[in-house]
Amino acid sequence: MEKWWLLALLLLSVIPIEAGFGVGGGVGVNVGPVAGGGGAGVWIGGGINGNGPNAPPGSSASGLDRAYTALQAWKSAISEDPSKILDTWVGSDVCSYKGVFCADSQYEVSAASGPVVAGIDLNHANLQGTLVKELSFLTEMSLLHLNSNRFSGTIPDTFKDLTSLQELDLSNNHFSGSFPTVTLYIPNLIYLDLRFNSFSGPIPEDLFNRRLDAIFLNNNQFAGGLPESLGNSQASVINLANNKFSGNFPASFGFMSNKLKEILFLNNQLTGCIPEGVGLFTDIQVFDVSFNSLMGHLPDTISCLQDIEVLNLGHNKLSGVLPEMVCSLKSLLNLTVAYNFFSGFSQECAKLFYRNVGFDFSLNCIPGRNMQRPQPECSLIPGGGLNCLRIPGSKPLVCGSL
C-alpha cells in the first residue's frame, strides 16, 4: 500500500546523508505482509552507530542514555532468546544492538544533534518475556515490530508516552486480557496489529474514532457486539476475522471512510441482514462475511461495489435468487456463496466461469445444479420472516449516496 512507502520516505529523510552505509549497515525497506501473521509495515534497517568513535559532535547523549536504560530493562524481562539476539545488547552503543535502528532526531535543533532510536524490529526472533514500562523512554521511535515472538502479559500503560510511534505490530504472540486501551492514546499511531494473540472481551467504541489507517484484530477471542462507532473509522483495512463478535451490523455500517479497501468479518457469530450501507463502499476490494449466521436476501446496493475483487458470503443462511447485478461486477475475481440457501442464479452468473472468475455456489438450494443441499433442508428457509430493509425498486439507485 502506498502509505507505507510514504512512511519509508519520511523516516529516510531523517537519516543524515553523510552517514556511510555498507553491507549490514545500510537502509532496508520491507513492505507487504510478514509471514506468521505479522504486519505490513516499513522498517528502516542498519541504523547509525552514533556513539562510536566517529560519532558526530553534539550527539544526543541524554536520549541514548535513556534508550540504554529502557533496552537494558527490557532485556532483563526477556527469559528466552534462542537466537542469541540479545547477546549484542551489551554496552552503551544502543544503535549497534541487533534489531535496533537509529536515525537523526525529527526534532533536531541543529544538524549535529545526533541519532536517536527510531525503530525496533524483532520480528520472528522467538523471544519469550514481557514488555516493560521503560520502553516509553523511546519517545522518538516510529516503529515497534514484534510479530512472531512469545511475549505475554499486557501492554504497559506508559506506552501512551510513545509520541512518535506510528506502527505497532504485536501480532502472533501470547498477549492476553482485555483490549489494550492504551494503544488508543498513542497520539500518532496509524497502524495497529494485534492479531494472533489471546485478547478477549469487547472492543472499545473509541477504537473506530481514532485516525488509524490499518486495524488488525483477527484471531483473538474478542466478543460482544460491533461498536456503533464502526462507521466513524478512517481505516483502509479492517480485519476482525476469527473472533466471537455477535449481533447485527451497527446502523453506522457503510458510512465509513471512502478509503476503505478491505474489511473482513469472517468466522464470527454475526446475525441479521447484510445492510444496505454496503453500497457506500464503492472503492472496496475485499468484503468477507463468511462463516457467520447472516440471513435474508442480498441488498441491491451490492451492485455498487465496482472495484470488488473478492466477495465471500459463504457459510451463512442467506436466501433468495443470487442477483444478476452481483455476478456482473466488473472487477470480480472470486465470488463465494457456498453453504447458504440461495434458490437460483441468473444467466449472468453462469458466465462467470468463462470470465475466469472463481465461483463457488455449492450446497445451496438451486434446482438442477449439482452439489446442492438435500431437498428436506431447503423446505424451511432460515430467517424466512426476517424483515431486511430494502430500497424500493421504483427508486433509482445512486451508488455512494444512499
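Roughly how many debye, to the nearest 20, is the charge dipole of the stretch 63-360 about its Cα centre, given +1 on each Lys and Arg Cβ, -1 on each Asp and Glu Cβ, and no other charges?
520 debye
With N set to the residue count of the stretch 123-243, report its C-alpha Rg divided by 2.2 N^0.38 Å to two decimal places.
0.99
Work out, in µm²/s and without decimals, the Stokes-Einstein translational diffusion coefficient of the stretch 161-313 at 4 °C, 1.567 mPa s, Rh from Kirkwood over C-alpha pairs. Let's see the in-between values first.
Working: Rh = 15.6 Å.
Result for D is 83 µm²/s.
How long are the three semi-axes of the equivalent ellipsoid for the stretch 275-343, computed from the Cα gyration tensor as the root of 5 times each eigenvalue, in whole Å, largest first?
Its equivalent ellipsoid spans semi-axes of 18, 12, 11 Å.
Take the Cα pairs of the stretch 63-360, get the Kirkwood Rh, then feed it into Stokes-Einstein at 4 °C and 1.567 mPa s and tell me D in µm²/s.
So the translational diffusion coefficient is about 61 µm²/s.
Taking the Cβ-Cβ separation of ASN188 and ASN356 as r and a Förster radius of 45 Å, what is the calculated FRET efficiency to the nearest 0.05?
Calculated transfer efficiency: 0.55.
Could you give the length gained on full extension between SER293 and SER379, defined as 0.36 nm per residue of separation minus the Cα-Cα distance, in nm?
Answer, rounded to one decimal: 29.1 nm.
Past 18 Å, Cα to Cα: identify those pairs from LYS98/LYS133; LYS133/LYS160; LYS259/LYS330, in the order given.
Flagged as over cut-off: LYS98/LYS133; LYS259/LYS330.
Using the basic label-point model (7 angstrom from Cα toward the beta carbon), what is the LYS75 to VAL321 distance in nanometres?
Going by the 7 Å Cα→Cβ label model, 7.1 nm.
What is the antiparallel percent of DSSP beta bridges lying wholly in the stretch 92-225, to the nearest 5?
Bridges in the stretch 92-225 that DSSP calls antiparallel: roughly 20 percent.
Choose one of GLY296, LEU352, SER96: the residue whose Cα lies farthest towards the positive end of the charge dipole of the stretch 63-360 (beta-carbon charges +1 Lys, Arg; -1 Asp, Glu; about the Cα centre).
Working it through, the farthest residue towards the positive pole turns out to be GLY296.
So if R0 is 35 Å, what FRET efficiency would ALA223 and SER83 give, r being the distance between their Cβ atoms, rounded to the nearest 0.05?
0.50
Hey, got the dipole for the stretch 95-213? About the Cα centre, +1 on K and R Cβ, -1 on D and E Cβ, debye to the nearest 20? Before the final figure, lay out each step's value.
Working: 7 positive and 13 negative charges, 68 e Å.
About 320 debye.
Mind giving me the nanometre distance, one decimal, between the label points for THR158 and HIS174, set 7 Å out from Cα along Cα→Cβ?
Calculated label separation equals 2.3 nm.
Note down the Stokes-Einstein diffusion coefficient of the stretch 223-320 in µm²/s, whole number, using a Kirkwood radius over alpha carbon pairs, 37 °C, and 0.692 mPa s.
D, rounded to a whole number, is 248 µm²/s.
Every number here is computed from the coordinates shown, using simple stated rules; none is lab data. Fair warning: this is a prediction, and the values are worked out from it, not measured in the lab. Neighbour counts are summed over all protein chains in view; Cβ atoms, including those assigned to glycine, are modelled from backbone coordinates with ideal geometry.
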